[in-house]
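Report on one structure; see the data block that follows.
The values are calculated or read from the model by the stated rules, or taken from the named source; none is laboratory data. Keep in mind that what you see is a predicted model, and the values were worked out from it rather than measured. Every residue, glycine among them, receives a Cβ derived from its backbone with ideal geometry; neighbour counts consider all protein chains shown. For the accessible areas, the whole protein counts, side chains as well, though only heavy atoms, and no ligand, DNA or RNA atoms are used. Shrake-Rupley method; radii C 1.70, N 1.55, O 1.52, S 1.80 Å.
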Amino acid sequence: MPANLLEARSLTMNFGGLTAVVNLSFQILKGELVGLIGPNGAGKTTVFNMLTGVYAPSEGSVYLENELVSSLKPHTITQKGIARTFQNIRLFNDLSVLDNVRIAFHSRSSFPIFDAVFLTPRFFKKEKAIYDNAMELLGIFGLADKKDEKAKNLSYGQMRRLEIARALATNPKLLLLDEPAAGMNPQETEELTELITEIREKFDLTILLIEHDMSLVMKLCERIMVLDYGILIANGTPDEVRANRRVIEAYLGGDV
Amino acid sequence: MKSKGLLVAIAILAIAVVVYFAFFTGKGEEESDVIKIGFIGPLTGPAASYGINARNGALIAVEQINAAGGVLDGKKLQLIVEDDKGDTTEATNVFNKLVEQDKVVAIVGPVTTGPTTVVARLAGEERIPIVSPTATGDDITKVSDFVARVCFYDSYQAPVMAVFAVEKLGYTRAAILYDNSNDYSIGLANAFALRFTELGGTIVAKEAFTEGDQDFNAQLTNIAAANPEVVYVPAYYSDDAQILLQARQLGMTAVFMGGDGWDSDELVKAAGSAAEGSYFTTHYSSSDESEQVLEFLKTYKQKYNTEPNFAGPLGYDAAFLIANAIDEAGSTDPVKINKAILETEGLVGVTGEFSFDENRNPLKEVIISTVKDGKFVLVDKVRP
Amino acid sequence: MGILLQQIVNGIALGSIYALIALGYTMVYGIIRLINFAHGEIYMIGAFVGYFALTAFGLPFWVSLLLAMVIPALLGVLIERVAYRPLRSSPSITVLITAIGVSLLLQNLAMLWFSPDPKTFPQIFTRAPFNIGGVRITFPQVIVLATSVLLMIGLNFMVQKTKIGKAMRAVSQDKEAAKLMGIDTDRIISFTFAIGSALAGAAGVMVGIIYPRIQPLMGTMPGLKAFVAAVFGGIGSIPGAMLGGVIMGLTESLVTAYISSTWRDAIAFSLLIIILLVKPAGILGKSTREKV
Amino acid sequence: MTNNPNKKNLDGYVTLIAVVVLVLLNVVLLAGKMPTYYTGILRFMGINIILAVSLNLINGITGQFSLGHAGFMAVGAYVSALVSIHLGWPLVFALLAGAVAASLLGILIGLPTLRLRGDYLAIATLGLGEIIRVVILNLDITKGARGLGGIPRTTTVYLVELFAIITILFTVNLMRSTHGRALLSIREDEIAAEAMGINTTFYKVFAFSAGAFFAGIAGGLFAHSMGYIAPANFEFMRSIEILVMVVLGGLGSITGSVIATVVLTILPEALRGFAQYRMVLYSAMLIAIMLFRPSGLMGTRELDVRQVLGIFKTGGEKDAS
């Protein structure tokens, strides 16, 4: 039985009068690849925002390896091992591809500001290490030759890949992917699927992903959670979910 | 390909040559019939009104002197005018420029306190005399031996008003309303309060405002509540007019008093009947029959199509004083001119008859004026 | 008690002028997210137009007021055309610097044209005060208050009810969407500048009536304070600007009366910072959560 | 960074000229042939460079819109002047005292205001700057509006040059490290920066305190250069002037800040011949530059001594065509 990596207990999120997520509890085991699906506005991204500390949950708590993280700041949660990508791609647009990744190495390869200002040998050593690691990561994502390009000049698919690369640079235990295949053509989606499988093994990752592309979800995920109006309506293997009546209703005769 | 390198080399050479000629070649000392004096004051920025008036006054003085044959037996004076924006940094730059590039022998200015304080020190170091038309702070002339002024200093004119209020008018309860962001106003307020209490009076209220204020109702309401007989308002005429208007609107009947900052026709124009019966200390009175005053006012009006404020005649006198000192010294040597300025005795300018005390402050009569039927009327002449 | 009431009356009169200037700031900010630093100078120009209309041309008050609104409005439109529109796609800080440049330019041109000497605004209304329950209210104060309130009501009606007002709101909500719906955004932006500048011009005349001293640098501090007032109330919100202006006027009046005029600006700004910390979007501003 | 060989070329020339001018200026200075007028301008230029570069750290690099720089400068100026006058501290220690005071104030008041963003932060920092000025205006020890005189005039042009170089090196070295990238990431996208494990609060406070520190140094140099300071030296227009230098140079470009400062310090002096028209021309030129170069003179580019070599390499071939 693999250990429990992440546990959400009774998460609730209110925005003013609107309740986006209601009493949501789930667990993710180490090494799992879980999909989070649901119609638009079901509260999926809100769940990500609560897990990563962008929003403080109105009620409930999040545990990472049995440690309470939901009261921490986003950057601390990232340092504890949850990394994410964003639905609407939030790259550092005016910085180079290389710098985008190097920034994400910051928290685990930092050194005192003193060394930077006085150009000590440690500065050169650490910066070299950051550079090498970043280039290795870019290599894996096929972006090494774009390292000096500004992030905003990349193609859409490249941006999505860079976001994942950047998230991986923080050395996460759990990777949250928010619609990684959105806007991709079938071939790009195919490549992405392979890439996710590949990095999952290479980096020993646990992955939770939000996705609308059902073919990708069904192919990739071992377990699927379905959210509707902020309520968890199904949680099981792809086959179980596919057969679930409430899920079918939620999608109103959608393409499930 | 080679041409690129050549071009760079030529460029570097060119810069080097320019620098060499700019800095390393001595400029030939030219003997000429023109004696240059500098002017430093704000022509732009918040204090521009005073700077421009002082400059105009100084220009008139230079013109009249040149028309009358110049100085040192026929040499012409030239006024080199530089703007300091009322800023200490610019004043420093401009002083250095006037001394080094224009080789002025003396300077009229600066006009405002900050620049004058800074330039006074430089003047002492470079041994160039400066005469400020309008910087009134007590300590300014103590900064170095090369700074004089033609205006009153704060503890010169304010006590005169205090004495007048107590001894001539018999008032014992005074209030003060002053501009806390203006050193002139602070200086006068303190000096007035000191003398007034020394003479047995009481300061029943002391209220402050800040530069740019339009609304004095709050302060005046407080002052009215303290029920003073006289309110001393050492501020500039545009503020004074507002204060008078608003005070009368609030139904205050106390007598208002002020310093030479009041002296402008605009005061009466703006305040109208609200100004009636107020007193202020100043340098000259247009009801005075003095030839020089009338002549100056006429020329100014002709030339600039407007009435001068108090800085105009003071600018005139500063330039006039320097020209006189050049003649007295019989030389264009700045040190000798400085000595001659201090030894000036009984020179009659627009703003009165000058002599100087040991701190290079002018000893001259203080005029007390009042507003009667919309005109300034001379009440008393005092020599403190 | 009498003093307190008196100060409140004074504060409201001052505040209504701040409110008129603040409205222009808020409208321009709402529509193109620009702190229009030159707005204080438009107000100054308004005061001078009023001054010359009344003195040099001897026009009646209402005509002068109208002129003092129309000319600044045209100037506002011109400034937007020449200095801001070419930078529409640039970062807002770039436009801010241009606005600062325009502000300096207008100040210095005014110094050249009108001379830096303060001018006295003609006294067209009697200054004899009414006495209501120990509180003195002057006729100019009444005129200012009445004119300001009328203009604000007019503005509110225009923004809420008329077609062009609705278009303005649409553009300030989402420029792209408004464009797609066939709204000529450039025209709406010009119109916003015109209205905002006209109100500032009116404020210039109002100031001339109550505090009859005008000079080329008169716009700087009231401009800054009116902007603070707009932020107070929630920038982009029209009722917010009015409320902010009145609060600003009252604060100044009361601080001057009960604490000291010399600490007034410090206290006004401290209040601003506290309000921003408690309600980052101002009193009536809608706080928007950034979508992640 | 740029891929445009033409621009690279131009940058190379500009750099080369800058280096040559800098060397020549120092030769003239050391030879004692520099007129005081020019030395004075150079001194203020250096002080402005420190101010602009330090504000760029806050505004351009970290993206925190601050309008309170004159306030920090004022604190540095007054504290260093007071310890010089009353305690007789040597200049460098007085400068450091002023800088530390400014920096602490930056942290103390900066901390709560850092919750604000964009224009709201700008207006809050503007308020802070004004509060500092009003406090100075009302304290006895600062002599209020009458100004604080009698400060030893010990600032030399070499000392200003030294501190300008220290400020530039500090910022450039920082920029090239992971800490500089952390600051940049906040400017680009604060939420994404947090998600990448960057402690944005720490870095924002750091940028503010470091910026305030150097503004404090500049204030101290200014005070000991003038010998007299007054609250009027630190009005909010001063903050605006510094901001103009930063934006005109290009937000985030250190060499841009330096170039813009040089231009904007010389411009008013060069326009002296126009007397009353000077400020009209100055503001018209400011508007024109912003219209023609909306992202500043340098954009986000930097000049680098290495680009000089580029002239001889890429430049030659282009020349042939």
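For the stretch C:142-225, trypsin sites (Lys or Arg not before Pro) are listed when DSSP marks them as loop and at most 14 other Cβ atoms sit within 10 Å of their Cβ; the list is empty. Taking only the alpha carbons of the stretch A:90-171, we obtain Rg and Dmax values of 12.9, 40 Å in that order. The average projected area of the stretch A:4-73, computed from the convex hull of its Cα atoms over all directions, is 4.7 nm².
With the convex hull drawn around the C-alpha atoms of the stretch D:253-311, the volume per residue stands at 96 Å³. Could you tell me how many degrees, from 0 to 90 and to the nearest 10, lie between the Cα long axis of helix C:2-32 and the main elongation axis, the longest principal axis, of the Cα atoms of chain C? It works out to around 20 degrees.
Report the percentage of all Cα-Cα pairs in the stretch D:46-111 whose separation exceeds 13 Å, rounded to a whole percent. Tail of P(r) above 13 Å: 65 percent of Cα pairs. As a ratio to 2.2 N^0.38 Å, the alpha-carbon radius of gyration computed for the stretch A:24-130 takes the value 1.35. Entry comment: accessible area of the stretch D:253-311 is 42 Å² per residue, from protein heavy atoms only and a probe of 1.4 Å. Projecting the Cα atoms of C:THR192, C:THR126, C:LEU74 onto the dipole axis of the stretch C:20-218, where Lys and Arg carry +1 and Asp and Glu carry -1 at the beta carbon, places C:THR192 farthest toward the positive end.
Taking chain B as the reference, fit the longest principal axis to its C-alpha atoms, fit the long axis of helix B:154-163 to the helix C-alpha atoms, and give the angle between the two in degrees, 0 to 90, nearest 10. Once rounded, the angle reads 20 degrees. About the centre of its Cα atoms, the protein assembly as shown shows a dipole size close to 2540 debye [charges on the beta carbon of Lys, Arg (+1) and Asp, Glu (-1) only; nearest 20 debye].
Exceedance of the 25 Å cut-off in Cα-Cα distance is limited, within the set A:LYS30/A:LYS128; B:LYS168/B:LYS206; C:LYS166/C:LYS286, to A:LYS30/A:LYS128.
For the stretch B:293-384, the gyration tensor built on C-alpha atoms gives an oblate shape. Its axis ratio a/c (a ≥ b ≥ c) is at least 1.5, and a/b is not larger than b/c. Peptides C:92-99, D:244-251, D:172-179, A:120-127 ranked from most to least packed give D:244-251, C:92-99, D:172-179, A:120-127, packing being the mean of other C-beta atoms within 10 angstrom over each peptide's residues.
With the convex hull drawn over the C-alpha atoms of the stretch A:73-231, the volume per residue is 131 Å³.
Across the stretch D:1-157 the C-alpha pair distances fall into 5 Å bins from zero in the proportions 2, 7, 12, 16, 15, 14, 13, 11, 7, 3, 1, 0 percent. To the nearest 0.05, how large is the calculated FRET efficiency for D:LEU169 and A:LYS202 if R₀ is 45 Å and r is the Cβ-Cβ distance? About 0.65, to the nearest 0.05. Per residue, the convex hull spanned by the alpha carbons of the stretch D:154-220 comes to 71 Å³.
Compute the Cα gyration tensor for the stretch C:184-292, then decide on rounded, prolate or oblate, letting a ≥ b ≥ c be the square roots of its eigenvalues: rounded whenever a/c is under 1.5, prolate when a/b is larger than b/c in the other cases, and oblate in all that remain. Taking the square roots of the gyration eigenvalues as a ≥ b ≥ c, the stretch C:184-292 is oblate.
In the calculated pair-distance distribution of the protein assembly as shown, the portion above 56 angstrom amounts to 27 percent of the Cα-Cα pairs.
Computed over chain B, relative contact order equals 16 percent, with contacts defined as Cα pairs under 8 Å that lie 6+ residues apart. Evaluated at q = 0.34 Å⁻¹, a Debye calculation over the C-alpha positions of the stretch B:110-151 (equal weights, vacuum) places log10 I(q)/I(0) at -1.31.
Annotation note: chymotrypsin sites (Phe, Trp or Tyr not before Pro) in the stretch C:17-97 located in DSSP loop regions with a Cβ neighbour count of at most 11 within 10 Å are C:PHE57. Which of rounded, prolate, oblate describes the stretch B:155-282, given a ≥ b ≥ c as roots of the alpha-carbon gyration tensor eigenvalues and a/c under 1.5 marking rounded, otherwise prolate only if a/b is larger than b/c? Rounded shape, in that the Cα axes give a/c under 1.5. Taking the longest Cα principal axis of chain C as reference, the axis of helix C:39-55 is set at about 50 degrees. Any chance you could check the Cα centroid distance between the stretch D:21-52 and the stretch C:238-286 for me, in angstrom? If we compute the Cα centre of each part, the gap is 45 Å.
Show which lysines lie in cross-link reach of B:LYS76 when reach means a straight Cα distance below 16 angstrom and same-chain residues fewer than eight apart are skipped. The qualifying lysines are B:LYS36, B:LYS103.
Gyration tensor analysis over the Cα atoms of the stretch D:59-234 returns equivalent ellipsoid semi-axes of 30, 19, 11 Å (largest first, whole Å). Starting from a Cα-only point model with no solvent, please compute log10 I(q)/I(0) by Debye for the stretch B:46-86 at q = 0.25, 0.27, 0.33 1/Å. Scattering profile of the stretch B:46-86, log10 relative to I(0): -0.80, -0.87, -1.08. When Rg and the Kirkwood radius Rh are both evaluated on Cα atoms of chain B, their ratio Rg/Rh stands at 1.07.
DSSP beta bridges fully contained in the protein assembly as shown are about 50 percent antiparallel. Remark: accessible area buried at the A-D interface is about 2600 Å², both chains counted, probe radius 1.4 Å. Excluding ligands, DNA and RNA and using a 1.4 Å probe, chains B and D jointly bury around 3800 Å² of accessible surface, summed across both partners.
All Cα-Cα distances of chain D, cut into 20 Å bins from zero to the largest, leave 31, 58, 11, 0 percent in each bin in turn. Accessible surface area normalised per residue over the stretch D:59-234 is 29 Å², counting heavy atoms of protein chains with a 1.4 Å rolling probe.
Seen from all directions on average, the stretch C:20-218 presents a Cα convex hull projection of 12.4 nm². For the stretch B:76-226, the Cβ-based charge dipole about the Cα centre amounts to some 520 debye (Lys, Arg positive; Asp, Glu negative; other atoms uncharged).
Using alpha carbons only, how many angstrom separate the centre of the stretch B:340-384 from the centre of the stretch A:1-69? With the stretch B:340-384 and the stretch A:1-69 each reduced to a Cα centre, they are spaced 85 Å. For the protein assembly as shown, adding -39500 (n - 2.57) for each run of n ≥ 4 DSSP H residues and dividing by the number of residues yields -18500 deg cm²/dmol at 222 nm. Among the helices of chain D (complete DSSP H runs), which have Cα atoms covering no less than 18 Å along the helix axis and a Kyte-Doolittle mean of at least -1.0? The answer, listed by residue number, is D:5-30, D:36-56, D:69-87, D:91-113, D:118-138, D:157-175, D:200-226, D:236-249, D:254-270, D:278-292, D:306-320.
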